[in-house]
Structure formats: C-alpha cells, structure tokens
Amino acid sequence: MTSTTAVPATDPPGMQAGGSSGGTARERREAKVRRRRTIRTVVVAAVVVVLTVTGGGAAWYLTSEVGTLRAQSTTAKDLLTTSDRKVADEATRAALSAQISTVDQLLAQPFYTRFPTETVDARQPLAAASDAVRGSMVEFARNAVTTGRRGLAAADARGQKIFTATEGKGVADAIRSNLRSALDTSAAVDEATSDVVASENLAELEKAVLDMRTSISTLTVSTDALSEAQDAVTCPAPDQVWDPDSGVLPSSALVAIPWAPKHFVRADVLDGLVELDAAYQQAFGEHLTINSAYRTLVEQKALYDPASATAAAPGCSTHGLGLAVDIGGGVQAFGTEQYNWLKANASTYGWAHPTWAEPNGRVPEPWHWQSVLAPANAA
C-alpha cells in the first residue's frame, strides 16, 4: 500500500491565511514595538529641543543683564571716586554709595538664586543716583566758575592799579609788559567764561575754572613782580614797602580820631585805637596825644628828605595807608612810664611798635606806632 504525504499550501509572502496581510503575530508585535520606539524618540528629541531653546535663552538673558549691571556699577564707582570734593551736595554721593552697595550684594548672589527682574530693577535706582551726583557736580562747577570770576576780577583790579601807578616811575618796561600781557589774557578769559556759567556741560565748566585759576595765578605773579620792582626803585630801605594806595586813600576809607578830630586813620583800625586810648586813660588819666596820623601823598612829599631816614619816601609810608600814628605825651621817649605801658599793652588792642623804630632799629622812633594790619615791619 502506497502512502501519500500531502504538502500544505503556503501563502504568498506578506499574506495571512484567508488572504489577509501583516505577517505572523510575532512580526506584527515587533513592528508595533518599532513604531513605539520611533514615537518616543521623536517626543524626547522635541522636549530636548524645547528645553534647550527656552532654558538657554533664559540663561543668556540673565547673563546679559548681569553684565550690563556690572558695567553700570563699575561706571558708578568711577563716578564716586572722581566726584570726591566736587559736589554741591555730599548727600548725593552718600546715596550713590548706598546704591552701589546694594548692587554689589545682588551681584554676589549665586546665579541660580537670582530672579531676572532683580537685576533689571536694580539698574534704575543706580542710574538715578548717578545722575544726581553728576547734577551736583555741575552745580559745584558752576559755583566754582562764579567764585573764580570774582577772584579774577579782584586780581585784575589790583593789577590795573599797580600798572597805572607805576607808569613813568622808573621800572623796566619788560616787567610792565609782562603785567600788561597778563591783564589782556585775564580780560579774554573773563569774556570766555561769562557765557559758561549757565552751561550744563561739566567738562566745559571745569575747563573754565582751570583757565581762571591759571589766569589769576599768572596775573598775581606779574602784579607782585611789578610791585616789587617799583618798591626797589621807590623805597630805599629794606623794611619799607611801596603801596599804590599810600597817600591817596579815598575819604570814605578814613575816619577822624574822636579825641583828635584833625587826624584820621583807616576806618577798620579805629575801634582798636579807641579801646587802647580808653585803657591808657585808666592808667594815666588822659588821652593818648596824637601828633600825626594819615598823610596824603602831598604831605609825605613835603616831609621826605632823601638825605634823612626820618620820613619814608612817598608811597612807602604806613602813615599814607592810614595805619600809623605818632604819639606824644611822654610816649615820644624810650623808657618812660608811658612808653613802657604801650609796649606792654598795645598789642592787646591791635597796635604795635615796629622793629625798625626800636632803640636799636634803623630809625629809632619811640613815637611811631602802627596797626598790626600794616605790612610787617613796614616804615
């Protein structure tokens, strides 16, 4: 008996029994796993992209703001240093210093504990405090310009007076020319600064102040040089000082001595002389005897004898400045009770006996007494 083995029919590849496609159950399971892995990979990649974009952007933003605030703080610290003793109101510098400390504390915090808004919020108060300091520096500079112009005007007035008073009086032309040049520069500087006072430009204001200080210094040196040169020509003794005002004081600067109304002294030294006289009266029962006080230039010329040291040359006498008196009544001799009393007490009231008039001085004159406002040891 012959046996026959039947060969089962096979489906075409990709076809399931009954004509359906999809392979075996195993193949279908493996395909599903592959699809799930693909989806998971895409999702993870998307999340990574989102986190990278948003997280990195936030980090970049915060880093940028911190850098800006740090640079602003550095600028504020430089401003605090340069504004030292250059502000009209020191409270503005104190406020800026406090803001800088606040910012430094914020910048010292760890990066991850700092909110982005904190950095931004700290910038405005720091900027406001810095602006307040700059404004105060401008005000300070304006005040300095105003003060400088007053100082320049005073130096210019003195220079003009010396220049005029020395004309034709024997001083070298080169010395007078130096002062003339300084006066011309002073006028130019004053004109230039007149328009700067209202400026908001700090650099412009500070330059004006520097220009005025330089001009004042140059003008003062040139004026002193001419005055000293005239002194050397006019006043023969080393303890004499030439002064353009000597003998030509205006009447408004002089007052009569109450108990000797024919004699005058400069108004600002009268009170001390009155007090000295009151003390002298208590000691001796009488007023100080005033024989001479202020002398005009004409009167000094009449007294002056180049061959004698008794009277100073015109322009060189403290009498011509209203700062000296000649006293009699016993004071006119060294060693008297009255003279010794004055030696012991005059300085208390602002009066003195100069060195040149002492017994061993250049011209012994016990009667000559002068205010301590007179040039030191001047005749």
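Rule-based calculations on the coordinates, nothing more; no lab input. It should be emphasised that the depicted structure is a prediction, and the values quoted were computed from it without experimental measurement. Note: ideal-geometry Cβ built from the backbone for every residue, glycine included; neighbour counts use all protein chains shown.
A few points about this structure:
- Per-residue Cβ neighbour counts within 10 Å put Lys262, Lys161 in the sequence Lys262, Lys161, beginning with the fewest.
- Modelled this way, with points 7 Å down the Cα-to-C-beta line, the labels at Ala153 and Leu373 are 2.2 nm from one another.
- Cα gyration tensor, the stretch 251-371 - rounded (a/c under 1.5), prolate or oblate: oblate
- Proximal lysines relative to Lys169, as straight alpha-carbon distance under 29 Å, when same-chain residues fewer than 8 apart are discounted: Lys161, Lys301
- Annotation: lysines with alpha-carbon distance below 26 angstrom to Lys207 (same-chain offsets under eight excluded): Lys77, Lys86.
- Prolate/oblate/rounded call for the stretch 169-288, Cα gyration tensor, a/c under 1.5 rounded: oblate
- Separation of alpha-carbon centers, the stretch 264-302 and the stretch 328-379, rounded to whole Å: 13
- Averaging Cα coordinates gives a centre for the stretch 183-227 and one for the stretch 114-163; these two points are 18 Å apart.
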